[in-house]
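Visitor: Please read through the structure below; I'll follow up with questions.
Readers should treat all values here as calculations from the given coordinates under stated rules, not as data from a laboratory. Nothing here was measured: the structure is a model prediction, and the numbers come from that model. Glycine also receives a Cβ, built like all others from the backbone with ideal geometry; neighbour counts cover every protein chain displayed.
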Amino acid sequence: MVEQREVQPQQYPQEGLSVSNRMMLVHDLQPVCSCNRGEKVMYICVSADCPNIDKQPLYCVHCSHDEPSAHEHKGRVIAIETTSLHNQWITFRNDVGIKIARVITWLDNYSGLLDLLTSSTGNDTIIRSIRKLQEVEKSVS
């Protein structure tokens with residue numbers, strides 16, 4: 001019977017926070033807006049056809065309200081956009097962790113065969129690859 005490793009999805013401190021709480025967490029990390037009014041950026045330009053996407057991809061409340069011609073589209077709140085990316089990253093990372101654990105389990109179950117192949121060929125590439133995979137598993141979990 002094949003032994004399966006138990007892989008638990010990781011929990012992250014930002015999970016379950018409201019948008020306003022996430023905004024407070026990242027406020028200190030956000031740069032000051034390029035308009036030089038001293039405000040931190042709050043919005044991100046995600047409109048590919050916006051003429052200012054390269055010039056001012058991140059902008060503050062003043063730029064959003066006082067200069068609507070600068071970004072003639074609805075601004076996207078950075079905290080909401082990054083939450084979506086953060087959730088995608090967590091899902092991806094958990095999926096990778098599960099797949100690596102399955103491979104490690106398979107390798108553990110067939111270690112005798114792998115040892116035989118390694119010793120008969122004189123090639124330690126398989127063993128080095130297994131060690132690298134185990135290192136990746138530790139860093140992902």
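Visitor: Any idea how many Lys pairs in the chain come in under 22 angstrom at the alpha carbon, given 8 or more places apart or on separate chains? Walk me through the numbers before you get to the answer.
Guide: Details: Lys40/Lys55; Lys40/Lys74; Lys55/Lys74; Lys99/Lys132; Lys99/Lys138.
Count of close lysine pairs: 5.
Visitor: Could you tell me what fraction of 2.2 N^0.38 Å the Cα radius of gyration of segment 19-140 comes to, as a two-decimal ratio? Walk me through the intermediate numbers first.
Guide: Details: Rg = 24.2 Å, N = 122, 2.2 N^0.38 = 13.7 Å.
With N residues counted in segment 19-140, Rg over 2.2 N^0.38 Å equals 1.77.
Visitor: Okay, moving on. Below 14 angstrom from the Cβ of Glu81, what's the summed charge of the other residues (Lys, Arg +1; Asp, Glu -1)? If you can, show how the numbers build up before the last one.
Guide: Details: positive: Arg22, Lys74, Arg76; negative: none.
With Lys, Arg at +1 and Asp, Glu at -1, the neighbours total +3.
Visitor: For helix 111-121, report the angle its Cα long axis makes with the longest principal axis of the Cα atoms of the chain; keep it between 0 and 90° and round to the nearest 10°.
Guide: Helix 111-121 and the main axis of the chain meet at about 80 degrees.
Visitor: Rounded to the nearest 20 debye, what is the charge dipole size of the chain about its Cα centre when +1 sits on each Lys and Arg Cβ and -1 on each Asp and Glu Cβ? Kindly include the intermediate steps, with their values, before the conclusion.
Guide: On the way: 14 positive and 17 negative charges, 27 e Å.
Dipole size: approximately 140 debye.
Visitor: Quick one: net charge around Thr121, please, counting Lys, Arg +1 and Asp, Glu -1 for every other residue with C-beta under 15 Å from its C-beta. All intermediate terms of the calculation are to be shown ahead of the outcome.
Guide: Values: positive: Arg128; negative: Asp115, Asp124.
Local net charge: -1.
Visitor: So, one more: For segment 58-127, what size does the Cα cloud have along each of its three principal axes, sorted from largest down, in whole Å?
Guide: Cα spread of segment 58-127 along its principal axes, largest to smallest: 74, 21, 14 Å.
Visitor: Round to the nearest 10 and give me the degree value, 0 to 90, for the angle of helix 125-140's Cα axis relative to the longest principal axis of the chain.
Guide: It is inclined by approximately 40 degrees.
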